[in-house]
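Written out below as structure tokens is the structure these notes cover.
The values are calculated or read from the model by the stated rules, or taken from the named source; none is laboratory data. These numbers were taken from a predicted model, which means no experiment stands behind them. Glycine gets a Cβ as well: all are built from the backbone with ideal geometry, and neighbour counts include every protein chain shown. What goes into the accessible areas is simple: the full protein's heavy atoms, side chains included, and nothing from ligands, DNA or RNA. Shrake-Rupley method; radii C 1.70, N 1.55, O 1.52, S 1.80 Å.
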Amino acid sequence: MKPADTAVSAEVKQCCANLYESDFAKLLLGDSFHPGGLKLTGRLGHLLHLDRNSRVLDVASGRGTSAMFLAERFGCKVVGLDFGQQNVQRANSEAAERGLSALVQFEQGDSESLPFPDGSFDAVICECAFCTFPDKSRAASGFTRVLKTGGQVGISDLTRAAELPKELEGLLAWIACIADAQPVEKYVDWLCTAGLTRDATEVHDEALIEMVRTIQGKLFAAEVMTGLKKIDLPGINSTTAKQMAKAALDAIQDGQLGYALIRAQKL
């Protein structure tokens, strides 16, 4: 990768980290920053056959909500990796408060340069984040490298039609982190090229619809609270945000945007 490309890649990663560490993201998305919340995280855990003998890597683990949930639900050991140092600190603190430090730990690091030895994990999960990685091929190759033979990758992510109407490009640019969402088969291609074999795909567009409708409600509440001087959201244009949320809902219902789970195995 050229130095200029490396600089741009780092800037994109830091932008995404800052977004997901922000109070505004917390206000709109709650504790689980992806469609379907912990219900879909649980589904992913079942697809990967997690149990107390599993060692799991959660790539782009955010505030650690999914990692801690998986540890509690399946008894597995989980390492969460996130680019945002603030997220890592918060997640480790919460894990300690909940008595989960023996099962869960969080580290700061780059999802495209996983700081773990080969064959370290039984499973790798990546929820609503793969689409944000500037170099998806490198990220997928890293997944394969750190997996044991027979291990599985489970990703959930935003999907998009191969060709989008021009008006939707503005929607994707609204949050730069989702600007590179891809058709589901493109995600599969990256995983297969990295040496994995896809063995399951599930469409969960309904989870994305529910999330957007929740965001619409929270945007309305935030606008009311701002008007009453109860909260301050500097730099946030609520009118534009509501327009974009409506455009997103229309796009999902028209089949232009969606959400999917993919499972792939290292044979």
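Just a few scattered comments:
- The set of residues in the stretch 46-87 that are more than 11 Å from Ile125 (Cα to Cα), open to solvent by less than 30 Å² (accessible area, probe 1.4 Å) and either assigned to a strand (DSSP E or B) or among the charged types (D, E, K, R) (or both) contains only Asp82.
- Unique match (being of a type in the set (A, V, I, L, M, F, W, C) and in contact (Cβ under 8 Å) with a residue 40 or more places away in the chain) among Leu81, Leu147: Leu147
- The residues listed here are Phe106, Phe121; of these, the one that is at pLDDT 95 or above, aromatic (Phe, Trp, Tyr) and touching a Leu at 6+ places or on another chain (Cβ under 7 Å) is Phe121.
- Scanning the stretch 107-135 for residues that are touching a residue at least 40 places away in the same chain (Cβ under 8 Å), more than 23 Å from Gly36 (Cα to Cα) and out of contact with any Ser or Thr (no Cβ under 6 Å at 6 or more places or on another chain) yields Asp110, Glu112, Leu114, Phe116, Ser120, Phe121, Asp135.
- Here Arg90, Arg145 are screened, and the one residue that is more than 17 Å from Met68 (Cβ to Cβ), in a helix (DSSP H, G or I) and out of contact with any Ser or Thr (no Cβ under 7 Å at 6 or more places or on another chain) is Arg145.
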